Amino acid sequence: MSLWLIGAGPMAQDHAKVLQHLDREFEVIGRGAASAAAFEAATGHSVRRGGLAAALAASPAPQQAVIAVGIEHLADTAAVLIDAGTRRLLVEKPGGLNTTALRALAESAARANADVLIGYNRRFYASTTLARSLIAEDGGATTCAFEFTEWSHVIAPLAANDGVKQAWFLANSTHVVDLSFHLCGFPADWRAWSAGSLDWHRASARFCGAGVTDQGVLFSYHADWEAPGRWGLEVFTRRRRFIFRPMEKLQVMAIGSVRTEAAELDDRLDTAFKPGLHQQMSAFLAGADRLFCTVGEQLQHYAIYDEMAGYERAATS
């Protein structure tokens, strides 16, 4: 099946390196001359310059596409390809800058019966794969807790689109939140609180919440973007406690002990490539969609994420 990689930035480079390792033919569609030159220097793969519209005017739409453009352009780019005839797309997380953009993409996908998958690569980490198996072995999760603190002093000076920063919870923090709920179920009965404000994220600066998921797992979360902290996730079973901190690693505490031990991981692909990306791409190309978040599911998740981040409150204030 024909495959286009849309974008030529750093994330597109990471995808290209995986595709090259998989010996998969693909065409890269870029827009800017500088990013195209940097891509070619880093990967040795040529870039078709001029942007997506020019490429579609010159060639039939690909059967498959990987969308690795800026977050503010993800949904629109994917929708253009769907309208042109592409029926299978892997779109970088979170899929759209806001609920409006994601809903439009989900509706385009539904009308065309297109498969649109959201690239949450942490679902494909070696640490996640092992934990998923061990959690099932223990009879499932009972509780979980996670933190998605972001480093404001690093993010504030970034030369990113202001709209992207204002949606930073969706753009970045959902990596942690998605993985937590992927392993333990999505909220069924819950409450969320948020407070504070930052120049680059006016909706909120502090977050906490708790509830029960649709798998009956009790959960809680916390983040303070004005204080020290880091991403982390802990999943509890009746036999063990699984600790993702950092997310690429897995530590295990057995019942009756307070000692944590590092789990042995076959993480060679996670160290050779951007973690999770090789397994994610392999699954996408093979049509093995079980672990993916679909655009329809992501639209449902956005209702949860908007409440967690305080976006609904900010929109009405």
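Each value in this text was obtained by applying a stated rule to the coordinates, not by laboratory testing. Note that this is a predicted model, so its numbers are computed, not measured. We place every Cβ from the backbone using ideal geometry, glycine too, and count neighbours over all the protein chains shown.
Figures for the structure shown
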read-out: From phi via Karplus (6.51, -1.76, 1.60), per-residue ³J(HN,Hα) for the stretch 155-163 in Hz, x at Gly/Pro; value: 6, 3, x, 4, 8, 10, 3, 4, x
read-out: Read-out Cα extents along the principal axes in Å, derived from the coordinates shown; its label in (i) 76, 44, 41; (ii) 63, 48, 38; (iii) 59, 46, 40; value: (ii)
read-out: Theoretical gain in end-to-end length, Trp151 to Thr100 [0.36 nm per residue, Cα-Cα removed]; value: 15.6 nm
read-out: Qualifying lysines (Cα of each under 25 Å from Cα of Lys165; at least 8 residues distant if same chain); value: Lys93, Lys274
read-out: Tilt relative to the chain, helix 126-137 - C-alpha long axis, 0 to 90 degrees, to 10; value: 50 degrees
read-out: Angle between the chain longest axis and helix 99-112 axis [Cα atoms, degrees, rounded to 10]; value: 60 degrees
read-out: Charge sum, other residues only, whose C-beta stays under 13 Å from Ile155's C-beta, Lys/Arg counted +1 and Asp/Glu -1; value: -3
read-out: Spin-label model distance (nm) - Asp266 vs Arg239, 7 Å beyond Cα toward Cβ; value: 2.0 nm
read-out: Alpha-carbon centroids, the stretch 188-258 and the stretch 18-44: separation in whole Å; value: 36 Å
read-out: Cα shape, the stretch 14-71, gyration tensor, a/c 1.5 rule; value: oblate
read-out: In degrees, nearest ten, helix 74-84 long axis to first principal axis of the chain (Cα); value: 50 degrees
read-out: Hydrodynamic radius by Kirkwood, which averages 1/r over all alpha carbon pairs of the stretch 3-121, in angstrom; value: 14.1 Å
read-out: Two-site label geometry, Arg290 and Ala41: point separation in nm, points 7 Å out along Cα→Cβ; value: 4.3 nm
read-out: Extreme residue, positive dipole direction of the chain, given options Val177, His21, Ala203 (C-beta unit charges); value: His21
read-out: Sum of side-chain charges, Ser2 neighbourhood, beta-carbon under 9 Å (Lys, Arg +1; Asp, Glu -1); value: -2
read-out: Local electrostatic count at Gly216 - Lys and Arg +1, Asp and Glu -1, tallied over other residues with Cβ under 14 Å; value: -1
read-out: Phi to ³J(HN,Hα) by Karplus 6.51 cos²θ - 1.76 cosθ + 1.60 over the stretch 253-267, Hz, x for Gly, Pro; value: 10, 8, 4, x, 9, 10, 8, 9, 10, 6, 6, 7, 10, 8, 10
read-out: Longest DSSP-loop-exposure-free segment, GluC sites (Glu not before Pro), the chain, at most 10 other Cβ within 10 Å; value: 26-263
read-out: Computed over the stretch 210-277, the ratio Rg/Rh where both radii use C-alpha atoms and Rh is Kirkwood; value: 1.02
read-out: Sites Ala210 and Ala112 - FRET efficiency at Förster radius 51 Å, r taken between beta-carbons, to 0.05; value: 0.85
read-out: Expected 222 nm ellipticity per residue - DSSP helices of 4 or more, -39500 (n - 2.57), all of the chain, to 500; value: -11000 deg cm²/dmol
read-out: Assigned charges on the beta-carbon of Lys, Arg, Asp, Glu; the stretch 15-95 dipole about Cα centre (debye); value: 60 debye
read-out: Rounded FRET efficiency, nearest 0.05, which uses the C-beta distance separating Glu297 from Gln251 and R0 of 45 Å; value: 0.95
read-out: Point-charge dipole on Cβ atoms (K/R +1, D/E -1) for the chain, about Cα centre, debye to 20; value: 220 debye
read-out: Fully extended contour minus Cα-Cα distance, from Ala54 to Ala188, at 0.36 nm per residue; value: 43.7 nm
read-out: Antiparallel DSSP beta bridges within the chain, percent to nearest 5; value: 60 percent
